[in-house]
Amino acid sequence: MQNEPQDAEVIVIGAGMAGLTAARALAERGISVLILEAREHVGGRVLSKQVDGAMVELGAEFVHGRPPELWALIEEVGIETIGRDGAMLRAQSGGGVVEDDPQDDSMLSPLEQLEDYDGDDIPFAEWLKTSGVPEWQRGALLGYVEGFNAADAGCIGIHALAAQQKAEDAIDGDRAWHVHGGYALLAEYLARRVRELGGTIVLGAVVRQIEWQPGSVHVVTESGAEFRAEKCIVTVPLGVLQRANRGGVEIIPEPPAVEAARRLAMGDAVRFTMVFRRAWWVDAPVALSTETLRSMSFLFTQETVPAVWWTPHPEPGPAMLTAWIGGPRSAKLMGQTAEQLGEAACCTLARVFGLAEEDVRRELVSTHTHDWAGDPFSLGAYSYVPAGALDAPRAMTESAFGTLFFAGEHTDVTGHWGTVHAAIRSGLRAAEQVFGEIS
């Protein structure tokens with residue numbers, strides 16, 4: 001294998017944000033790169049779709065805070081971002097809708113205390129039982145931690161949550177923006193740059209085997225195509241990597257990074273977007289002004305599944321509502337079609353806003369979703385760190401004899417797991433490691 005001809009100096013497995021970032025960084029330094037992507041499009045879990053006159057995000061949607069790597073790319077591409085602000089509404093258990101004070105974060109204040117936590121790394125649910133947090137507040141905290149992290153509160157570690165809290169504070173993480181025209185514009189730009197710099201991207205290339213030894217890699221795809229390189233960066237999602245040599249891709253011999261990956265967890269979430277003929281909620285018979293309803297950005301319905309909804313406000317365009325549920329509660333909606341999700345959501349929204357179900361359903365144009373848990377090229381939404389596994393992401397950043405490297409949001413060591421900017425950071429880190437071995 002050592003003396004066989006090469007297709008590139010570096011093979012990158014996966015054309016998500018981590019793989020595209022790594023490939024572009026290497027190509028800019030004159031290193032020949034070949035990306036093998038299982039899907040028929042680039043972007044991975046960044047998936048934007050133009051439907052019914054609307055740009056719908058089926059995967060990553062928000063720019064969380066001001067991570068420098070992501071904002072540098074946004075500025076380089078030259079696309080517009082729109083800050084997500086507006087009214088935050090909450091459904092009351094006894095009926096009706098009220099407006100939350102966006103400055104009042106007292107409900108989640110116990111999470112801020114985690115920054116100074118120095119006890120044992122235990123699951124969040126276990127910590128909550130002895131935390132002194134009032135019983136009435138615990139449900140909201142559990143819902144937030146599971147929803148935001150797509151995690152099981154009985155599994156996600158308190159040390160990881162503490163690291164995440166510090167990381168978010170450092171980048172103004174409580175603010176969010178939307179990429180106008182679709183998040184996929186960033187992935188498409190990176191792919192274009194890779195090709196312009198002489199790199200190759202092969203779509204529909206499902207990798208089945210990675211055989212390697214120091215200084216040489218041999219990759220075989222489902223179609224039987226074979227590719228060779230000196231080095232390889234593996235950027236497949238955590239759920240896919242965890243199945244390596246266990247019914248998934250074969251990596252021979254198995255590097256230590258795969259065992260480290262199995263100590264992490266892949267979270268589940270269901271999200272779907274409903275496109276409406278008009279913003280019917282503006283005329284809902286609730287005790288809120290028309291101006292407040294028109295500016296609705298987020299809606300929280302804690303007693304329903306889904307429990308979180310958002311609009312594109314203040315971005316112009318068609319009326320839309322996106323629904324989100326993460327963690328174990330998402331299992332109730334797993335496997336449902338877009339039509340089934342939309343049908344049930346109309347019933348929920350009608351109750352919340354005091355409208356007839358048929359009136360809401362009449363306004364619905366279409367519903368759109370993507371089953372990330374059932375997608376064989378993702379097998380989940382995004383990663384989180386269980387109790388006792390905080391060292392696992394860093395272990396994954398160690399190369400195997402300077403030949404196999406791993407990137408992806410699950411390999412982040414800065415507390416930003418599950419984000420686009422974590423994927424970008426990991427791609428830059430892997431590219432630097434490869435360059436250091438080649439130069």
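Every number in this text was worked out from the coordinates using simple rules, so none of it is lab data. Just so it is clear, the model here is predicted, and its values are computed rather than measured. Every residue, glycine among them, receives a Cβ derived from its backbone with ideal geometry; neighbour counts consider all protein chains shown.
Only beta bridges with both residues in the chain are counted; by DSSP, about 70 percent of them are antiparallel.
A rounded overall shape is assigned to segment 106-170, the ratio a/c of its alpha-carbon gyration tensor axes (a ≥ b ≥ c) being less than 1.5.
Quickly estimate the mean residue ellipticity at 222 nm for the chain, helices only: each DSSP H run with n ≥ 4 gives -39500 (n - 2.57), and the total goes over all residues, rounded to 500.
Details: 14 runs with 135 residues, N = 439.
Value at 222 nm, helices only, nearest 500: -9000 deg cm²/dmol.
Among the trypsin sites (Lys or Arg not before Pro) in segment 257-292, those located in a DSSP loop and surrounded by at most 14 other Cβ atoms within 10 Å of their own Cβ are Arg277, Arg278. The angle between the Cα long axis of helix 135-149 and the main principal axis of the chain comes to about 40°, on a 0 to 90 degree scale. Electrostatic tally near Ser32: other residues with Cβ closer than 9 Å to its Cβ, Lys and Arg +1, Asp and Glu -1, net -2. Only one residue of Ile82, Val270, Ala38 has its Cα farthest out toward the positive end of the dipole of the chain, where Lys and Arg carry +1 and Asp and Glu -1 on Cβ, and that residue is Ala38. For Ala140, project a label point 7 Å along Cα to C-beta. Then give me every residue of segment 53-96 with its amide nitrogen under 12 Å of that point. Output list for this probe position: 90-91.
Simple spin-label estimate for Arg175 and Glu339 gives 4.4 nm between the two label positions (7 Å along the Cα-to-Cβ direction from each Cα). What's the center-to-center distance, using Cα atoms, between segment 33-85 and segment 355-384 in Å? Between the Cα centres of segment 33-85 and segment 355-384 lies a distance of 18 Å.
Determine the shape class of segment 242-342: with a ≥ b ≥ c the square roots of the Cα gyration tensor eigenvalues, call it rounded for a/c under 1.5, and otherwise prolate if a/b is greater than b/c, oblate otherwise.
Numbers: a/c = 3.04, a/b = 2.95, b/c = 1.03.
Here segment 242-342 falls in the prolate category.
Loop-located GluC sites (Glu not before Pro) across segment 395-439 with a Cβ neighbour count of 15 or fewer within 10 Å are Glu398, with loop assigned by DSSP. How tilted is helix 420-438 with respect to the longest principal axis of the chain? Cα atoms for both, answer in degrees (0 to 90, nearest 10). Helix 420-438 sits roughly 10 degrees off the main axis of the chain.
The C-alpha atoms of the chain define a longest principal axis, and helix 17-27 lies at about 40 degrees to it. Averaging the Cα positions of each part gives two centres, and for segment 204-262 and segment 167-203 these lie 24 Å apart. Provide the net charge surrounding Val194, with neighbours chosen by a C-beta distance below 10 Å and charges set as Lys +1, Arg +1, Asp -1, Glu -1. In short, +2.
A cut-off under 13 angstrom between Cβ atoms defines the neighbours of Gly147, and their net charge, with Lys, Arg +1 and Asp, Glu -1, is -1. Among the listed pairs Lys49/Lys166; Lys49/Lys129; Lys129/Lys166, those with a Cα-Cα distance over 32 Å are Lys49/Lys166; Lys49/Lys129.
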